[in-house]
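Q: One structure, pasted below without further comment.
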Amino acid sequence: MPLNGSSVVVTGAGAGIGRATALRLAAAGARVVVSDVSETSGQATVDLITEAGGTAYNVPADVSREDDVQALFFRTVELVGGLDLAVNNAGIAHHPGDLHELPVSAWDLVMGVDLRGTFLCMRAELGLMVAAGHGSIVNMASNAGVKNAPDMAAYTAAKHGVVGLTKNAALQYARRNIRINAVCPGTVLTPGLAGYPEEIRAQWADMIPMGRTGTPEEIAGSVAFLLSDEAAFITGHELLIDGGLMYQ
Ligand SMILES: NC(=O)c1ccc[n+]([C@@H]2O[C@H](COP(=O)([O-])OP(=O)(O)OC[C@H]3O[C@@H](n4cnc5c(N)ncnc54)[C@H](O)[C@@H]3O)[C@@H](O)[C@H]2O)c1
């Protein structure tokens, strides 16, 4: 599915699913603005894309900060001339535990990055897309956006919020040639999770009907599809990518 010449911003693109998505979109011909709170991680992704013959720019931003997000999209327009596509991927989780013991700071942090960050980015992206008369956005939700993530109150609430924002905006902009969808991965072996002990990772895999965890590249492929014209009649959808976990 070619994305030749399209301009796209991917947040949280310095690692894991975001990096794999940035690489996938660049391989499909998009000009990719790689954004991450870590400038070094973002640059490493840009280097991988450039080495593979693609086009990418590093524009660091903390998605929970309004001034960072404004600067990100201002710089995006300077670098690539506008915005056709966007992937709001940046997100963090928190340590599992009872809600009554969840530190307020952990709630604020997760809500700030996962929900407020998605809102701030969508706000900027939709402004540019309305002006351009077209656009396609994919928000990175989670299985936790449609069901419970055990003992993770803030993460579950934030990702349900991301799915809600996706549906609300999809209908608001449906007649303005802008599509907005969400993907809901189950357990995906990103560098963060790869650090867990082998027996814990084996337990995760065992809980999944397909008997294995997902890969960042499998999520990236679905994101590329939803962004592309091959998904031209799909909006407001939350796509489960979880090896069957939701249905067991
Ligand atoms: N890995 C999974 O199993 C899984 C499952 C479901 C959903 N997700 C979601 O996918 C997304 C990516 O997850 P991942 O596993 O690839 O994570 P990761 O930790 O491997 O990478 C996340 C990247 O986001 C960056 N980041 C963190 N806070 C940021 C901020 N405030 N602003 C900008 N960038 C920031 C980090 O620096 C990092 O490079 C998240 O939204 C996560 O909730 C992951």
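Q: Being more than 10 Å from the ligand (Cβ to nearest atom) and not β-branched (Val, Ile, Thr) is true for just one of 14, 29. Which residue is that?
A: The unique qualifying residue is 29.
Q: Applying the selection to the range 125-145, what residues are surrounded by fewer than 21 Cβ atoms within 10 Å (Cβ to Cβ) and among the hydrophobic types (A, V, I, L, M, F, W, C)?
A: 126, 128, 130, 131, 132
Q: Select from the range 175-197 the residues that are modelled with pLDDT under 95 and more than 10 Å from the ligand (Cβ to nearest atom) and write down the one among them that is farthest from residue 241 (Cα to Cα).
A: Checked the range 175-197; the qualifying residue farthest from residue 241 (Cα to Cα) is 197.
Q: Taking into account only those residues within the range 146-174 that are of a type in the set (Ser, Thr, Tyr) and under 20 Å from residue 246 (Cα atoms), which is surrounded by the fewest Cβ atoms within 10 Å (Cβ to Cβ)?
A: Looking at residues that are of a type in the set (Ser, Thr, Tyr) and under 20 Å from residue 246 (Cα atoms), I get 156.
A quick yes/no check of all residues on (1) within 24 Å of residue 155 (Cα to Cα); (2) in contact with a His (Cβ under 8 Å, 6 or more places away or on another chain); (3) within 12 Å of the ligand (Cβ to nearest atom):
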{"residue": "91", "(1), (2), (3)": "yes, no, yes"}
{"residue": "99", "(1), (2), (3)": "yes, no, no"}
{"residue": "103", "(1), (2), (3)": "yes, no, no"}
{"residue": "113", "(1), (2), (3)": "yes, no, yes"}
{"residue": "119", "(1), (2), (3)": "yes, no, no"}
{"residue": "123", "(1), (2), (3)": "yes, no, no"}
{"residue": "126", "(1), (2), (3)": "no, no, no"}
{"residue": "134", "(1), (2), (3)": "no, no, no"}
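Q: Can you name the number of the only condition in (1) hydrophobic (A, V, I, L, M, F, W, C); (2) touching a residue at least 40 places away in the same chain (Cβ under 8 Å); (3) in a helix (DSSP H, G or I); (4) more than 30 Å from residue 152 (Cβ to Cβ) that residue 49 fails?
A: Of the numbered conditions (1) hydrophobic (A, V, I, L, M, F, W, C); (2) touching a residue at least 40 places away in the same chain (Cβ under 8 Å); (3) in a helix (DSSP H, G or I); (4) more than 30 Å from residue 152 (Cβ to Cβ), the odd one out for residue 49 is (2).
The values are calculated or read from the model by the stated rules, or taken from the named source; none is laboratory data. All of these numbers come straight from a predicted model, not from anything done at the bench. As a convention, Cβ positions derive from the backbone with ideal geometry for all residues, glycine included, and neighbour counts pool all protein chains shown.
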